[in-house]
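See below for the structure under consideration.
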Amino acid sequence: MYEKKLSEAQIAEYTRVAHYYYKEGCTQEQIAQRMNMSRQRVNRILSDCLEYGIVHISITASPSTMLLELESKLKEKYRLQDIRVVDIAGEKDVYRDLGAAAAQYLATILRDDDVVGLTRGNTLAAMAEQIPLVHKKNITVVQMLGSRNSEPQNTAANEIVHNIATRLGAKPFMLFAPIVVSSAEMKKSLQQEPIFVDTYRVIQRCNIAVVGIGAYENVDLRYSFVGVDIHDIAQVTDGQQLAGEVGTHLFDQNGARVINRYRDRIIAIELEDYMKIPVRIGVAGLPSKAKAIYAAMKGGYINVLVVDTATARILADMP
């Protein structure tokens, strides 16, 4: 065995590589693509795992291994492209810890010329503050929905785009419009403005989206992005129960679309364009959001999930 000690970050990385190789049966090339590293580095890590005692006949039992097992179960169950399950320090730290995990994940998958679309919320704001420096060329980040003056400044989509662009050295594109306008005619008029047209074309080029997930089960509060009673905006049919929202798009308990009476007044990426984005990363946590996260996965609104351990376990037990 080597005498040199590994850092906690190295142990986590080595364990993840070992799990993918020995437990999931991934090839070294697949692992290299998944973790944004060369195949030679994957080969070297696998060799080091044996030398450091991380791998014997099976992966060494540890809390991180248990999380990897949970990730594998959820990934297969919900047919996700990828997942990160995060042990959070406590409920008050959920935004910070999930934001940090999402920031690290985004940094690992970024490639030259990527276009990243972003929504709003506390978790994405925390992610923006913790994005590591990534040396990639020609990265673009774009705001996928409008803004509200009443929103806390650092959680607004335009602030999140600005902060991430600054840290990544990326080109920012802002959607200079309110999130909801007074009429359908006003929306149509704004959509014809050259600055809107240019930004929306960038939105349509997104190959990565990072979104929060809103939970609206039994909510009687005013709708967070519109400021009206949720029951006045959602038009549910028989058997539908409003479960959540991604990027201003509502869905029911099974992930089916819920008609939004304000749809023709909302300035945001259209659902058809959103669903064409290849990588749709949802960042959300706490058990109170489990049903909304479940529905978002069932409906395909997200295909990558960053979530806390407690919520992940609930999702693993859901039918």
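The values are calculated or read from the model by the stated rules, or taken from the named source; none is laboratory data. As the structure is a prediction and not an experimental result, all values here were calculated from the model. Because the Cβ atoms are built from the backbone with ideal geometry, glycine has one as well, and the counts that use them run over all protein chains shown. Side chains are part of the model used for accessible areas, which takes the heavy atoms of the whole protein and leaves out ligands, DNA and RNA. Shrake-Rupley method; radii C 1.70, N 1.55, O 1.52, S 1.80 Å.
Couple of notes before you dig in:
- Test: residue in the stretch 87-100 that is of a type in the set (A, V, I, L, M), under 26 Å from PRO319 (Cβ atoms) and either open to solvent by 80 Å² or more (accessible area, probe 1.4 Å) or modelled with pLDDT of 95 or more (or both): yes
- Scanning the stretch 162-190 for residues that are small (Gly, Ala, Ser) and open to solvent by less than 80 Å² (accessible area, probe 1.4 Å) returns ALA165, GLY169, ALA170, ALA177, SER183, ALA184, SER189.
- Taken over the stretch 101-115, the criterion of being outside any helix (DSSP H, G or I) and open to solvent by 20 Å² or more (accessible area, probe 1.4 Å) is satisfied by ARG111, ASP112, ASP113.
- Residues being closer than 14 Å to GLY212 by Cβ and either touching a helix residue (DSSP H, G or I) at 6+ places or on another chain (Cβ under 7 Å) or β-branched (Val, Ile, Thr) (or both) - total across the stretch 282-304: 9
- Filtered residue count, the stretch 254-267, keeping only those that are touching a His at 6+ places or on another chain (Cβ under 8 Å) and either under 22 Å from PHE176 (Cβ atoms) or open to solvent by 30 Å² or more (accessible area, probe 1.4 Å) (or both): 1
- Across the stretch 116-169, the qualifying residues are those that are more than 22 Å from ASP93 (Cβ to Cβ) and assigned to a helix (DSSP H, G or I), and the one among them that is farthest from the chain's Cα centre (by Cα) is THR166.
- GLU193 in contact (Cβ under 8 Å) with a residue 40 or more places away in the chain, acidic (Asp, Glu) and open to solvent by 40 Å² or more (accessible area, probe 1.4 Å): no
- Selection over the stretch 298-319 of residues that are buried (at least 24 other Cβ atoms within 10 Å of the Cβ) and under 15 Å from GLU245 (Cβ atoms) gives a count of 2.
- The stretch 11-32, subset surrounded by 14 or more Cβ atoms within 10 Å (Cβ to Cβ) and of a type in the set (S, T, N, Q), residue farthest from ILE83 (Cα to Cα): GLN28
- Only one entry of ALA170, ALA177, ALA184 meets the criterion of being hydrophobic (A, V, I, L, M, F, W, C) and closer than 21 Å to ALA100 by Cα, and that entry is ALA170.
- Hits in the stretch 54-67 - residues which are open to solvent by 10 Å² or more (accessible area, probe 1.4 Å) and either outside any helix (DSSP H, G or I) or at pLDDT 90 or above (or both): ILE54, HIS56, ILE57, SER58, ILE59, THR60, ALA61, SER62
- If only residues of the stretch 269-290 that are over 22 Å from TYR105 (Cβ atoms) and modelled with pLDDT of 95 or more are counted, the one that is surrounded by the fewest Cβ atoms within 10 Å (Cβ to Cβ) is GLU272.
- Residue that is nearest to the chain's Cα centre (by Cα), among those in the stretch 206-253 that are exposed (fewer than 14 other Cβ atoms within 10 Å of the Cβ) and either modelled with pLDDT of 95 or more or closer than 16 Å to SER147 by Cα (or both): GLY227
- Taking the stretch 116-129 as the range and being over 10 Å from THR155 (Cα atoms) and open to solvent by 10 Å² or more (accessible area, probe 1.4 Å) as the test, only GLU129 passes.
- Once the stretch 148-161 is narrowed to residues that are out of contact with any strand residue (DSSP E or B) (no Cβ under 6 Å at 6 or more places or on another chain) and at pLDDT 70 or above, the residue that is farthest from VAL116 (Cα to Cα) is ARG148.
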